[in-house]
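Take a look at the structure set out below.
Just so you know, all these numbers are worked out from the coordinates, no wet-lab data involved. These numbers were taken from a predicted model, which means no experiment stands behind them. Note: ideal-geometry Cβ built from the backbone for every residue, glycine included; neighbour counts use all protein chains shown.
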Amino acid sequence: MMKPKVLAFCIRETPSALVGVITPLKALEGSGDVEFRFKESLQIENQDLAWADTVICIRGSESVDVQIIVESKRLGKYIIYFLDDDLLHIPKSSASFLYYNNSEIRSQMMKLMASSDMLWTTNSNIARKYETFVKTSKTAIVNAPAMLLGNVKERVRGTEKIRIGFAGSIDHSPYLQQQMSIVVEKLLQVYSGKIQFEFFGASPKFNFENDSCYYIPYENNHDSYREKLKERAWDIGLAPLPETEFHACKYFNKFLEYGAIEAAGIYSNVDPYRFVIRHNTNGLLINNDPDSWIKGISKLIEDEELRNKIKRNAFEQLNSAFTSEHIAIEIKQCIPQMMTHIAPTVKVSSVKLKRKIKSVLIYKAIMVIKNNGLRAIPIIARKSWSRINKKW
């Protein structure tokens with residue numbers, strides 16, 4: 001029997017693409033259910049579209065993405081738009097605000113969703129907000145796998161300090177500074193010599209010269225990020241999150257990360273953590289005020305039995321429901337069209353996808369020039385300098 005052929009693409013491979021789509025679909029291919037290909041948007045050839053039955057656009061927003069989907073639709077492919085973030089409502093404080101607030105980018109996103117047969121997301125709040133943009137209003141809510149499971153550093157409890165950590169991008173720094181500054185200062189006073197804080201990625205303006213408070217620079221490479229997080233050997237993981245409509249559309253990645261490295265997680269009592277955390281069982285849910293955070297962290301510092309219970313339950317839950325293989329089964333159940341749709345057979349010569357640019361950097365530069373004219377020069381210079389600094 002012919003296996004359905006699934007093609008997924010985005011402008012470049014990102015953690016969202018890798019975790020939400022590529023990894024579980026590779027697992028689905030491994031189980032013999034589909035044939036799967038992933039390509040970056042600019043690398044897609046006519047033969048890829050001729051080959052595919054289902055085409056998945058991952059967080060698409062560029063004109064090249066629109067070209068691919070319009071042509072795929074003409075060829076009778078089943079079109080899925082994957083979205084794991086509220087991209088139409090990015091806050092001004094985010095580094096990506098200017099990009100997603102661009103009228104052309106927003107228009108292209110809307111066109112992509114309108115051309116899709118289904119919206120695939122990881123969050124019911126996104127499904128509710130975005131389902132009307134998809135012409136069929138069909139949505140599939142599928143979890144993402146816990147990518148850190150396996151090969152986590154073993155730690156033997158001795159007389160060393162209890163390690164309390166946070167992992168996340170630099171975008172989290174302002175909120176951590178606002179929410180956790182008093183908390184960290186107070187706890188270091190109360191438990192002096194007994195605890196140690198580590199902030200991996202985000203860099204709030206805490207006293208990192210203190211021998212009980214450390215900063216670890218962010219890793220832009222997702223594999224490097226995962227490996228460094230596996231090495232942390234934290235006892236407690238922190239996941240403060242603002243209560244806003246935008247943040248309610250996030251995924252509970254921190255639960256997947258902390259559970260996999262066997263850290264007892266403390267989470268803001270907000271969506272999306274309310275979707276998965278059972279208080280005092282697989283984590284703590286804490287109100288967003290300093291006193292509540294101080295009490296919650298103190299509880300896990302002092303109650304080793306509860307700390308170990310939460311670690312154990314979270315780890316077992318991930319292994320029973322959040323492996324790549326389990327998520328592949330979810331995909332089969334939630335997106336049956338991917339398993340059944342067979343597109344009309346077409347010759348490669350009949351596919352009308354014509355592009356000459358295959359470099360993401362060149363493509364991006366051309367789009368900036370097209371949208372900004374002479375103003376593009378300082379924009380390109382600034383982005384190039386930022387990229388060089390990141391490599392250093």
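About its Cα centre, how strong a charge dipole does the chain have in debye, to the nearest 20, once Lys and Arg get +1 and Asp and Glu get -1 at the Cβ?
1420
Using DSSP, restrict attention to beta bridges with both residues in the chain and report what percent are antiparallel, rounded to the nearest 5.
The antiparallel fraction comes to roughly 0 percent.
Which value, in Å³ per residue, describes the convex hull spanned by the Cα atoms of the chain?
141
Give me S41, S203, S137, S349 ranked fewest to most by other Cβ atoms within 10 Å of their Cβ, as a rough exposure proxy.
With the sparsest Cβ surroundings first, the list reads S349, S137, S203, S41.
Work from the charge dipole of the chain (Cβ charges, +1 for Lys and Arg, -1 for Asp and Glu, about the Cα centre) and give the residue of F246, I105, Q47 farthest towards its positive end.
Positive-end residue among those listed: Q47.
Quick one: R128, R163, fewest Cβ neighbours within 10 Å first, how do they rank?
Fewest-to-most Cβ neighbours within 10 Å comes out as R128, R163.
Given the range 162-322, what percent of its DSSP beta bridges are antiparallel, to the nearest 5?
Among the beta bridges of the range 162-322, antiparallel pairing accounts for roughly 0 percent.
Among L300, V64, L256, pick out the residue whose Cα is farthest towards the positive end of the charge dipole of the chain, where Lys and Arg carry +1 and Asp and Glu carry -1 on C-beta, about the Cα centre.
V64
What's the exposure ranking of D289, D33, going from fewest to most Cβ atoms within 10 Å?
Details: D289 12, D33 19.
Lowest count first: D289, D33.
Taking a 32 Å limit on the Cα-Cα distance, which of the listed pairs K129/K309; K254/K295; K26/K205 fall beyond it?
Over 32 Å apart, Cα to Cα: K129/K309; K26/K205.
Would you kindly state how much longer the chain becomes between S320 and E131 on full extension, computed as 0.36 nm times their sequence separation minus their alpha carbon distance, in nm to one decimal?
Values: separation 189, 0.36 × 189 = 68.04 nm, distance 2.97 nm.
Length gained, S320 through E131: 65.1 nm.
Go through the range 223-231 residue by residue and turn each phi into a ³J(HN,Hα) via Karplus (6.51, -1.76, 1.60, θ = phi - 60°); whole Hz please, and just put x for glycine and proline.
5, 5, 4, 4, 5, 5, 5, 4, 7
How would you rank 231-239, 172-180, highest first, on the average number of other Cβ atoms within 10 Å across their residues?
Ranking, from highest mean packing down: 231-239, 172-180.
Taking H as built 1.01 Å from N, whose amide H comes closer than 5 Å to the amide H of D86, not counting residues under 5 places away?
none
How large is the translational diffusion coefficient of the range 249-349 in µm² per second when you combine the Kirkwood radius over alpha carbon pairs with Stokes-Einstein at 20 °C and 1.002 mPa s?
Values: Rh = 15.7 Å.
Rounded to a whole number, D works out at 136 µm²/s.
Could you give each residue of the range 303-309 its phi-based ³J(HN,Hα) in whole Hz, using Karplus coefficients 6.51, -1.76, 1.60 with θ = phi - 60°, and x for Gly or Pro?
3J(HN,Hα) across the range 303-309, in whole Hz: 9, 5, 5, 5, 4, 5, 4.
For the range 162-322, count all C-alpha to C-alpha pairs, find those more than 27 Å apart, and express that count as a whole percent of the total.
On the way: 1938 of 12880 pairs.
The share of Cα pairs beyond 27 Å in the range 162-322 comes to 15 percent.
Calculate, in nm to one decimal, what S169 and D291 gain on full extension: separation in residues at 0.36 nm each, minus their alpha carbon distance.
Gain on extension, S169 to D291, equals 41.4 nm.
What do you get for the angle between helix 376-391 and the principal long axis of the chain? Use alpha-carbon atoms, 0 to 90 degrees, nearest ten.
Roughly 50 degrees between the two axes.
Quick query: amide H of C213 versus all other amide H atoms, modeled in the peptide plane; which residues come in under 5 Å with a sequence gap of 5 or more or a different chain?
F197
Percent relative contact order of the chain, based on C-alpha pairs within less than 8 angstrom and at least six residues apart?
Computed value for the chain: 18 percent relative contact order.
State the extension gain, in nm to one decimal, for the chain segment bounded by E304 and E227, taking 0.36 nm per residue of separation less the distance between their alpha-carbons.
Details: separation 77, 0.36 × 77 = 27.72 nm, distance 2.63 nm.
Full-extension gain reported as 25.1 nm.
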